[in-house]
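J.: Sending over a structure as structure tokens; questions will come in a sec.
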Amino acid sequence: NNFILILGGFLKQNCINTKIYAEYRFDKKRRWKFDYAIPDFKLAIEIEGGAFKKRTYKNKKGETITTIGGRHNSGVGFQKDMEKYNNAALQLWYLLRFEVKDINKIQTYEMILRFINNKKLYENRTA
């Protein structure tokens, strides 16, 4: 996975040696998975796709319906994401969300690094 390789290399260059997982299952009871996770820091990374995707289909009445947005933007998809994210928070996971177009931007990697550095700083202060 290119994202894992690039992020892993970027973190190592910045003295962070940790494992990154794709499709990380974080809940034992539910089948919920994070797109990516760094369990050492309880960091979940979600890539939210389809925000501006156009979809056309015929409904049961034969009418043509056009919608904008992917599963995450539908009413049911949005509710399911809220349930997943809220349950992750109850398990003390932190969540960073990005759009697909941001996955290979340096700003994305820098934000993840900033989160890790801030979390390490906070843990050192409270230890």
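J.: Keeping to the stretch 1-53, report how many residues are over 30 Å from THR66 (Cβ atoms) and in a loop (DSSP other than H, G, I, E, B).
T.: Residues meeting the conditions: 16.
J.: Within the stretch 80-127, which residues are outside any helix (DSSP H, G or I), modelled with pLDDT under 95 and under 13 Å from the mean Cα position of the chain (by Cα)?
T.: Passing the criteria: GLU99, ILE103.
J.: Under 6 Å by Cβ, and 6 or more places apart or on different chains, what pairs join a residue from the stretch 50-77 that is farther than 23 Å from ASP102 by Cβ with one that is modelled with pLDDT of 55 or more and part of a loop (DSSP other than H, G, I, E, B)?
T.: ILE65/ASN59
J.: Being modelled with pLDDT under 70 and open to solvent by less than 40 Å² (accessible area, probe 1.4 Å) is the filter here; which residues of the stretch 31-73 pass it?
T.: Residues satisfying the conditions are GLY50, ALA51, GLY69, GLY70.
J.: For the stretch 86-127, which positions are open to solvent by 70 Å² or more (accessible area, probe 1.4 Å), in contact (Cβ under 8 Å) with a residue 40 or more places away in the chain and among the β-branched types (Val, Ile, Thr)?
T.: Correct list: VAL100 only.
The values are calculated or read from the model by the stated rules, or taken from the named source; none is laboratory data. Since this is a predicted model, take the numbers as computed values, not measurements. Backbone-built Cβ (ideal geometry, glycine too); neighbour counts: all protein chains shown. Ligands, DNA and RNA are excluded from the accessible area calculation, which covers all protein heavy atoms including side chains. Shrake-Rupley method; radii C 1.70, N 1.55, O 1.52, S 1.80 Å.
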